[in-house]
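The numbers here are math on the coordinates, done by the rules we state, and not lab data. If you're wondering where the values come from, they're calculated on a predicted model, not measured in any experiment. Every residue, glycine among them, receives a Cβ derived from its backbone with ideal geometry; neighbour counts consider all protein chains shown.
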Amino acid sequence: ARAFSADEATMALTREYLLWFIPAMALQFGLIAMASALRGTGNFRPGMVVQTATVIINIVLAPFLIFGWGIGQPLGVAGAAIATLLAIAIGVVWMALYFLPAEAYLKFTPGSWAPRFALWSDMLKIGLPAGAEFALMAVYLMIVYAVSRPFGAAAQAGFGIGIRILQACFLPVVALGFAVSPVAGQNFGARRSARVKETFKTGAAIAAAAMLVLAVAVWLWADGMVRVFTADPAAVLVGEEYLHVVAFNFVASGVIFVSSSMFQAMGNTMPSLITSGARIVIVAVPVLALAETPGFALRWIWYISAAAVVVQLAINLLLLKREFRLRLNFAPDERRGLVITGAVPL
């Protein structure tokens, strides 16, 4: 907090928030693991219902705890984090209930809880690169906050608001990515190469169309969106400028999300990690160098980031094409002596 905050007040509020927010993130492990297990069986509904409900609970609880409505004691930013903690705790208990009925397809079996290191290894080979991809996103945020520190708390607040609006706009493609991965994975397991490719084409088209609509909306109403969260003119200016630039990346980012889900579906998440790493390097090197030059402006970061996303998309598509060529070239099925592709053999 001290390293990235523009002033002492921001640092204190950051520590106060993290005190409650870190336990909330710890509970996310259980929630995400259970939702992912159900999604892997093709059951998307519980995860969608419970996780949507936790967001709604968070939204409802937050103002009561932040402003002290009904409790007589305003908790400020700590109240926002406590609302998140309570919402996720409710979600974990709720999600666990899907595994308890006698007729449940997946159940908690204590006898199977002993470590299975071979299985851990298989999971980590897929999960670690995907997790590292999110870690690289955190690196990008840290770079921006570090470089923007001299511009003051208002500039950091404007960027923070902009990134939250951006994350909200990306929810549709994140949800689409969650759907693309198991659908493509099931067809990959069934050795139906044509369906795997069709899943990507359909997912990418839907993502591009949805993000194009959102890009236009953000471009037209960026100022109003930022003003919902702050009236500070300096923060509004930074947030609006950031959203105007990144809006041009929405379509490319949507396709990147879908292509990353395809890598996950085929059991090889290294390409996504490679392209995310390349994007961070493309941003970090020039930004850190330019930050020391006279006349440096925050908008330079947004333009460099926009260019980096285009490069990431190009590399993603090239690596996905290579992955299709290598992994969808199925050998004849040993049981039938047939090559199973998109059509069901008669």
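Quick notes
- Bins of 10 Å from zero: percent of alpha-carbon pairs in the range 246-305: 20, 40, 27, 12, 2
- Modelled label positions at Ala146 and Glu103, each set 7 Å beyond Cα in the direction of Cβ, lie 5.6 nm from each other.
- A straight chain from Thr202 to Leu288 at 0.36 nm per residue would run longer than the Cα-Cα distance by 27.1 nm.
- Value of relative contact order over the range 1-121, rounded to a whole percent, pairs C-alpha under 8 Å and six or more apart: 27
- Available extension along the chain between Ala190 and Ser36 is 53.4 nm, counting 0.36 nm per residue and deducting the alpha carbon span.
- Using the Karplus relation 6.51 cos²θ - 1.76 cosθ + 1.60 with θ = phi - 60°, the per-residue 3J(HN,Hα) values for the range 290-295 come to 6, 4, 8, 8, x, x Hz, with x marking Gly and Pro.
- Taking 28 Å as the straight-line reach from the Cα of Lys107, the lysines in range (excluding those fewer than 8 positions away in the same chain) are Lys125.
- Estimated purely from DSSP H runs of n ≥ 4, each contributing -39500 (n - 2.57), the mean residue ellipticity at 222 nm for the chain is -27000 deg cm²/dmol once divided by its residues.
- Partners for Lys201 among lysines (Cα-Cα distance below 22 Å; same-chain residues under 8 apart left out): Lys321
- Residue among Ile59, Ile88, Ile161 with the largest mean-square fluctuation in a Gaussian network model of the chain, springs linking Cα atoms under 10 Å: Ile59
- Pair-distance distribution P(r) for the range 21-176, from all Cα-Cα distances in 10 Å bins starting at 0: 9, 26, 36, 20, 8, 1 percent.
- Cα-Cα P(r), the range 103-224, percent of pairs per 5 Å interval: 2, 8, 10, 13, 15, 15, 12, 10, 7, 5, 2, 0
- For the residues Ala53, Ala87, Ala114, a GNM of the chain with alpha-carbon springs under 10 Å puts the largest fluctuation on Ala114.
- Kirkwood Rh in Å, taken over all unlike Cα pairs in the range 135-202: 14.8
- Sites Trp113 and Phe324 - FRET efficiency at Förster radius 56 Å, r taken between beta-carbons, to 0.05: 0.90
- Karplus (6.51, -1.76, 1.60) ³J(HN,Hα), θ = phi - 60°, over the range 276-281, in Hz, Gly and Pro reported as x: 5, x, 4, 5, 5, 5
- Quotient of C-alpha Rg and 2.2 N^0.38 Å, computed over the range 7-50: 1.73
- When only Cα pairs below 8 angstrom with a gap of at least 6 residues are kept, the chain shows a relative contact order of 18 percent.
- Choice from Trp219, Trp113, Trp20 with maximal GNM fluctuation in the chain (Cα, 10 Å cutoff): Trp113
- Over the range 261-323, relative contact order from alpha-carbon pairs under 8 Å, at least 6 apart, %: 47
- Prolate/oblate/rounded label for the range 77-150 (Cα gyration tensor, a/c 1.5): oblate
- Estimated translational diffusion coefficient (Stokes-Einstein, Kirkwood radius over Cα pairs, 4 °C, 1.567 mPa s) of the chain: 58 µm² per second.
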